[in-house]
Amino acid sequence: MDDSTDIYLPEEESVFADTVKSDRPASFTLENGFQVVVIPDHRTPVVTQMIWYKVGSADEPPGKSGLAHFLEHLMFKGTSRHPANEFSKSVLRAGGNQNAFTGLDYTSYFQHVPREHLGQMMEFEADRMTGLILKDEDVLCERDVVLEEFNMSVANNPGERLAEQMMAALYLNHPYGRPIIGWRLEIEKLTREDALTFYKRFYAPNNAVLIVAGDVAPEEIRSMVRETFGGIPTQASIPLERLRPQEPTPAAPRTVTLADGRVEQPALHRYYLAPAARTAAAGEGAVLDVLEQLIGGGVNSYLYRSLVVEKQLAVAAGASYHSAALDPSPFAISAVPKPGVKLSQIERSIDEVIAEIARNPASTEDLERVKTRLIARVTYARDNHEMLARWYGRGLTTGLSIDDIRGWPDRIRAVGAQHVHQAARKWLDKKRSVTGYLTKESTLKHGEAL
């Protein structure tokens, strides 16, 4: 399983950062509600199949955090038709690879194989959509695997622990505040019954999207999908709309300090609560994409210029905005100070950069450079089937349409300096933020400033 669950960290890019402005993908929906998107690319005889379920960690029942991710692991345990490991061995024999990942709003499984093996891969996925068999011993063993993953990726990683705590502080009411991997005390109590109940509730054709990208023809895929998935019944209990508790309007800035003796390099992170592409006003998601690039997108960004080049306070500085979410999403900023530089100095400099862009619109030169850079990435997206499937899957499982995803470059072109200026003033308000300080325990003394 892919352990790179979707945690809000500065290096992750927006779902729209590299979408495709070429021929529109073919799309159709079976009578049982199963949506299919086909992206033909005949340059090489390979194909990526990716099935996305519209369920993630934010859909878990209270007290069962980590259940979506736990089930992702268990989905490889086999069915009555295909015992455990048969699916994985078939992918390897075909010379392909497969994996899975869990996010806040979705869970996805994919295979990348030569085109002649697609039918077999499709049959395997259809079988485990309804035929999963779980034995107590397998469930308990896999729970131990997840706990060890928690130890490695969170408990023994101060940066991840800080991110976990910051998300919990940013979301007072919304389930995005729960870690995707779960809280340890709740992971330890997950059972076979929990997993099967969750599986039977959410794993169904009318709660899934299939993306097929590569050396295929739409009509060929339509026939294969209808034959393979068409007989799977609809799950009537799946709601038409995914409703979650929403966040109250933030009223005050919050801070989180994590001091740990294992920290080799202190850092400062800040998350602002911002709208996702689905919840933003018309065009506002693209404005936030441009704002993210202006502030923290590379060595020409305002943060990098100010903190690293001009003031020489930091060794790294950046920003990220995660638009592919069903509900409001973090706009993240981070900086790593040079040795001897206090986090308080870094924070003041970050505040100055944000205040400047909130006071004065970006220059035409900076704005056009960023927009050109964002749109230029479109060209490179066509060379990676998995990337294409990921971008379309993320968008479609978080409330967007194919046309929304394809129309991203045009929305970027329409962004003006005043739009960015207004977005900075509106959304980068410190009252909407959580600031996290990562520091080495031994450097903290009573009354000493960070």
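The values are calculated or read from the model by the stated rules, or taken from the named source; none is laboratory data. Source: prediction; values computed, not measured. When we count neighbours, we look across all protein chains shown, and the Cβ atoms used for this are built from the backbone with ideal geometry, even at glycine. Surface areas here come from the heavy atoms of the whole protein model, side chains and all, with no ligands, DNA or RNA. Shrake-Rupley method; radii C 1.70, N 1.55, O 1.52, S 1.80 Å.
Sort out for me the Cα centre separation of segment 201-257 from segment 338-359, rounded to whole Å.
So the two Cα centres are separated by 40 Å.
Under a no-solvent Debye model with one identical scatterer per Cα of segment 178-261, what's log10 I(q)/I(0) at q = 0.12, 0.22, 0.27 Å⁻¹?
-0.73, -1.20, -1.32
Taking a cut-off of 17 Å between Cα atoms, list the aspartates and glutamates near residue 54, but don't count ones fewer than 8 places away on the same chain.
6, 72, 105, 125, 241, 327
May I ask you to list the trypsin sites (Lys or Arg not before Pro) in segment 92-177 that are in a DSSP loop and have at most 13 other Cβ atoms within 10 Å of their Cβ?
135
Tell me, what is the percent relative contact order of segment 29-142, built from C-alpha pairs under 8 Å that lie six or more residues apart?
Computed value for segment 29-142: 33 percent relative contact order.
Just to verify a number: FRET efficiency for residue 260 and residue 422, C-beta to C-beta distance, R0 = 60 Å, to 0.05?
About 0.95, to the nearest 0.05.
Grab every C-alpha pair in segment 105-208, bin the distances at 10 angstrom width from 0 up to the longest one, and report whole percents.
Whole-percent P(r) values from 0 Å outward: 11, 32, 34, 20, 3.
Using DSSP to define loop residues, name the GluC sites (Glu not before Pro) in segment 183-217 whose beta-carbon has at most 15 other beta-carbon atoms within 10 Å.
Sites meeting the loop and neighbour criteria: 188.
Just to make sure I understand: if all protein chains stay in place, what is the order of 347, 386 by accessible area at 1.4 Å, largest first?
The ranking, largest first, comes out as 386, 347.
May I ask for the Kirkwood hydrodynamic radius of the chain, worked out over all distinct Cα pairs and given in angstroms to one decimal?
23.1 Å
Which value, in debye to the nearest 20, describes the size of the charge dipole of the chain about its Cα centre when Lys and Arg Cβ atoms bear +1, Asp and Glu Cβ atoms bear -1, and nothing else is charged?
For the chain, the charge dipole is close to 980 debye.
Going down the list 64/431; 342/426; 338/431; 311/371; 338/426; 77/200, which pairs span over 19 Å between their C-alpha atoms?
Result: 64/431; 342/426; 338/431; 311/371; 338/426 exceed 19 Å.
Tell me, what is the percent relative contact order of the chain, built from C-alpha pairs under 8 Å that lie six or more residues apart?
Computed over the chain, the figure is 25 percent.
How much solvent-accessible surface does residue 192 expose, in Å² to the nearest 10, with a 1.4 Å probe and all protein chains in place?
In the full protein context, residue 192 sits at about 80 Å².
For the pair residue 226/residue 115, report the inter-label distance in nm, with labels modelled 7 Å from Cα in the Cβ direction.
Here the answer is 2.1 nm between the modelled labels.
So how much accessible area does residue 76 have, in Å² to the nearest 10, using a 1.4 Å probe?
Number for this one is 40 Å².
Defining a contact as two alpha carbons under 8 Å apart and six or more residues distant in sequence, what relative contact order in percent does segment 294-449 show?
Relative contact order here is 20 percent.
Considering every Cα-Cα pair within segment 215-337, what fraction, in whole percent, is farther apart than 16 Å?
Result for the distance tail: 75 percent.
Cα axis of helix 343-359 to longest principal axis of the chain: angle in degrees, 0 to 90, nearest 10?
It is inclined by approximately 80 degrees.
Ranking request for peptides 220-228, 244-252: highest mean number of other beta-carbon atoms within 10 Å first, then the rest in descending order.
Top of the packing list down: 220-228, 244-252.
With n ≥ 4 as the cut-off for DSSP H runs, can you work out [θ] at 222 nm for the chain, using -39500 (n - 2.57) per run divided by the number of residues, rounded to the nearest 500?
Estimated from H runs of four or more residues: -11500 deg cm²/dmol.
Not counting ligands, DNA or RNA, and with a 1.4 Å probe, what is residue 383's accessible surface area in Å² rounded to the nearest 10?
Here the residue's solvent-accessible area equals roughly 110 Å².
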